[in-house]
Number of protein chains: 2
Amino acid sequence: MAEALDTFDRAILDLVQKDCQLKAETIADEVGLSASAVQRRLKRLRDNGVIQAEVAVINRKATSFPMTFIAGMEIERDNYDALARFRQWAEKQPNVQQVYYVTGQVDLIAIITARDVEHYDDISAQLMADNPQIKRMTTNVVLRDVKTGLFIPVEE
Amino acid sequence: MAEALDTFDRAILDLVQKDCQLKAETIADEVGLSASAVQRRLKRLRDNGVIQAEVAVINRKATSFPMTFIAGMEIERDNYDALARFRQWAEKQPNVQQVYYVTGQVDLIAIITARDVEHYDDISAQLMADNPQIKRMTTNVVLRDVKTGLFIPVEE
DNA sequence: AGTGAAAAGATTCACTT
DNA sequence: AAGTGAATCTTTTCACT
């Protein structure tokens, strides 16, 4: 689908991953292209799906869900579509922020936001009730966000 | 610093967390305000730091760092500023995407991007070399992103 | 890829309710 | 605080080089 990214694309992606409201002209000056070339490339990167979304990152402390929990789960591996069903469930849960299917002691790792520990207890109870294919769940309480973001390096 | 968010603020944040390039007029129609009121609130939310950043989310598979690893680490808790020093280090590492300080079996959980397993091995070796306060490190390889994002619910 | 032009939207302002 | 209207800047898309 997406052809390889050239040096200009990577430079543009490096910038918009930090601030996607930058003026095309500012980006153009940084990377050494004209503003319209930057616009064209941004449109192509969006249409290609290289840029999946442009989102506001909000301060967790400003919300009603200031706590974060990281849950490790074991899933019933025998069951063919256990993972697919969990994905569908997670997609609909606003408090389930991220889920990774991993190798190791656990099969799934989820990052979950909650109002407080009681609320997290409710969410995890609901998770187990809605997903019998989840066998076990262990939780780490996040005491501090040391670094957050979704930045992925693109420069070679 | 930040006063409480009202219903309009929350509705706006709910939308811009999914798409921060929405037209002010579109947001206005959704939440029941005028476009200029939406603009004013967005400016205030940005100035307040409630909106911390507006960023492009890119497809990991389109980059040269398509793999993800989740590392659990034990840190020297005796050492007073061991965590602060690790934070400073992590902040400068582009492949270290997220770090959480947690309770439980491990003290730190990091999400790390890498080109391949060899590259991850290099990164983790460098991490241990640069941070002697990290005593032990266990890694989960991400086989699949089940859900990603930084969305935090804001509606009551 | 660059330039220039036209239309649409963002941003900031002053003013009103 | 919210709405309106005006001035200015930026984005977006187009045709053209």
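The values are calculated or read from the model by the stated rules, or taken from the named source; none is laboratory data. In this text, all values refer to a predicted model and were calculated from it rather than measured experimentally. No Cβ is skipped: glycine too gets one built from the backbone with ideal geometry, and neighbour counts run over all protein chains shown. Ligands, DNA and RNA are stripped out before the accessible areas are found, and what is left, the full protein with its side chains, is counted by its heavy atoms. Shrake-Rupley method; radii C 1.70, N 1.55, O 1.52, S 1.80 Å.
Points to keep in mind about this one:
- B:Asp19 fulfils the conditions (1) within 24 Å of A:Gln17 (Cβ to Cβ); (2) touching a residue at least 24 places away in the same chain (Cβ under 8 Å); (3) more than 8 Å from DNA strand C (Cβ to nearest atom) except for a single criterion, (2).
Rundown of residues vs (1) more than 17 Å from the chain's Cα centre (by Cα); (2) not assigned by TED's automatic domain parsing to the domain that holds B:Gln88, yes/no style:
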| position | (1), (2) |
| --- | --- |
| B:Ile112 | no, no |
| B:Ile123 | yes, no |
| B:Gln126 | yes, no |
| B:Arg136 | yes, no |
| B:Ile152 | no, yes |
| B:Glu155 | yes, yes |
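- Any hit, region A:84-92, residues being in a helix (DSSP H, G or I) and farther than 22 Å from A:Asp122 by Cα: yes
- A single member of A:Ala56, A:Ala62, A:Ala2 is within 24 Å of B:Arg60 (Cα to Cα), of a type in the set (Gly, Ala, Ser) and at pLDDT below 95, and it is A:Ala2.
- Residues that are open to solvent by 60 Å² or more (accessible area, probe 1.4 Å) and more than 9 Å from DNA strand D (Cβ to nearest atom) within region B:1-36 comprise B:Met1, B:Ala4, B:Thr7, B:Lys18, B:Lys23, B:Glu25, B:Asp29, B:Glu30, listed in sequence order.
- Complete set of residues in region B:5-26 that are at the interface with chain A (Cβ under 9 Å from one of its Cβ atoms) and outside any helix (DSSP H, G or I): B:Leu5, B:Gln17, B:Lys18, B:Asp19, B:Cys20, B:Gln21
- Test: residue in region B:40-58 that is in contact with an Asp or Glu (Cβ under 6 Å, 6 or more places away or on another chain), assigned to a strand (DSSP E or B) and more than 16 Å from DNA strand C (Cβ to nearest atom): no
- Cβ-Cβ distances below 7 Å connect the following pairs, each with a first residue in region B:27-48 that is within 14 Å of chain A (Cβ to nearest Cβ), a second residue that is within 6 Å of DNA strand D (Cβ to nearest atom), and a separation of six or more residues or different chains: B:Arg41/B:Phe8.
- Any hit, region B:84-100, residues being under 25 Å from A:Val99 (Cβ atoms), aromatic (Phe, Trp, Tyr), facing another protein chain (nearest Cβ under 9 Å) and open to solvent by less than 20 Å² (accessible area, probe 1.4 Å): yes
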